[in-house]
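The structure under discussion appears below in the form of structure tokens.
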Amino acid sequence: MPDLPNNPRKDLPNLADLRLSYQQGTLRRAVLKPNPLEQFQGWFIQSLEAAPAHSEPYALSLATADLSGRPSVRTVLLRGVSEQGLDIYTNYQSHKGRDLAHNPQAELLFYWPYLERQVRVYGPVSPISAAESDQYFHQRPRDSQLAAHASTPQSGPIASRAELEAHFAELEAQFPAGSVIPRPDFWGGYRLRPQEWEFWQGREGRMHDRFRYQWQEAPGQWHIDRLMP
Ligand SMILES: Cc1cc2nc3c(=O)[nH]c(=O)nc-3n(C[C@H](O)[C@H](O)[C@H](O)COP(=O)(O)O)c2cc1C
């Protein structure tokens, strides 16, 4: 693959002139599902159907914070969604893994620009079971399994690309084609159990539609508010 030009020098446009008017749709209380998981699944299916080529509607921003309150955010892929929660997979020794070990709560953000929609999900996070992580790990392409072994501790410094590739090659030799690659115990899933959801539909003139669902332990139901845009 040819290298991408690193820094094509061009003048920046005036950012204040860059704006879209959001006109794709509306969101009204009358059409909201009482259960936010169902609301999400409906929007998610529409998003998968409407997605332009080479986009990943199942990619999301995962925001975590350490105990001092320092936030950090990165993209990860949604790998499961059910009544139990939303699942992602990563390295437990990564920056996000360390944040979640000390402060096991997170917010997830989906942005689907072609539908002018955004979804936020907040809740406590816990590692998923070893059996479920094993199952997902073994569905991944072989190279991804080897890369999970090679890239650890994820987020730590490495001297060079060559060092990373040499590590990968050693692992390829250790696990010849056809052999089972065990899931490393530092790699697996996290499940976020939603306590709060927000569905945002862009509208004209910045008069967007926003609805928040909050889980109320008593009486054990979702409370819905329309929010100021
Ligand atoms: C489209 C996209 C998908 C990604 N998916 C994952 C993923 O599913 N799991 C993961 O650990 N990192 C994924 N990454 C890499 C992360 O964004 C991040 O660089 C990495 O997990 C280290 O994050 P941390 O240092 O904050 O822990 C993805 C990045 C992009 C751009």
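What to note about this one:
- Qualifying position, being out of contact with any Gly (no Cβ under 9 Å at 6 or more places or on another chain), in contact (Cβ under 8 Å) with a residue 12 or more places away in the chain, in a helix (DSSP H, G or I) and within 16 Å of A65 (Cα to Cα), among L100, L146: L100
- Restricted to the range 45-81, and to residues there that are part of a helix (DSSP H, G or I) and free of Cβ contacts under 8 Å to residues at least 60 places away in the same chain, the residue that is nearest to Q214 (Cα to Cα) is I45.
- Here L27, L77, L12 are screened, and the one residue that is modelled with pLDDT of 95 or more, hydrophobic (A, V, I, L, M, F, W, C) and more than 30 Å from W187 (Cα to Cα) is L27.
- Test: residue in the range 158-168 that is closer than 28 Å to H95 by Cα, out of contact with any helix residue (DSSP H, G or I) (no Cβ under 7 Å at 6 or more places or on another chain) and within 16 Å of the ligand (Cβ to nearest atom): yes
- Subset of the range 173-203 [within 21 Å of Q214 (Cα to Cα), of a type outside the set (A, V, I, L, M) and assigned to a strand (DSSP E or B)]: R191, E196, W197, E198, F199, W200, Q201
- Extreme residue, nearest to the ligand (Cβ to nearest atom), among residues of the range 60-71 that are out of contact with any strand residue (DSSP E or B) (no Cβ under 6 Å at 6 or more places or on another chain) and not basic (K, R): D66
- For Q154, the conditions (1) in a helix (DSSP H, G or I); (2) in contact with a Gly (Cβ under 9 Å, 6 or more places away or on another chain); (3) polar (S, T, N, Q) all hold with the exception of (1).
- Candidate set: the range 42-93, residues that are basic (K, R) and within 16 Å of the chain's Cα centre (by Cα); chosen: the one nearest to P127 (Cα to Cα): R79
- Test: P194 is more than 15 Å from the ligand (Cβ to nearest atom) and within 26 Å of A106 (Cβ to Cβ): yes
- Here the condition is being assigned to a helix (DSSP H, G or I) and more than 30 Å from A51 (Cα to Cα); of E170, E132, it holds for E170 alone.
The values are calculated or read from the model by the stated rules, or taken from the named source; none is laboratory data. What you are looking at is a predicted structure, and each value in this text was computed from that prediction instead of being measured. Cβ atoms come from the backbone with ideal geometry, glycine included; neighbour counts cover every protein chain shown.
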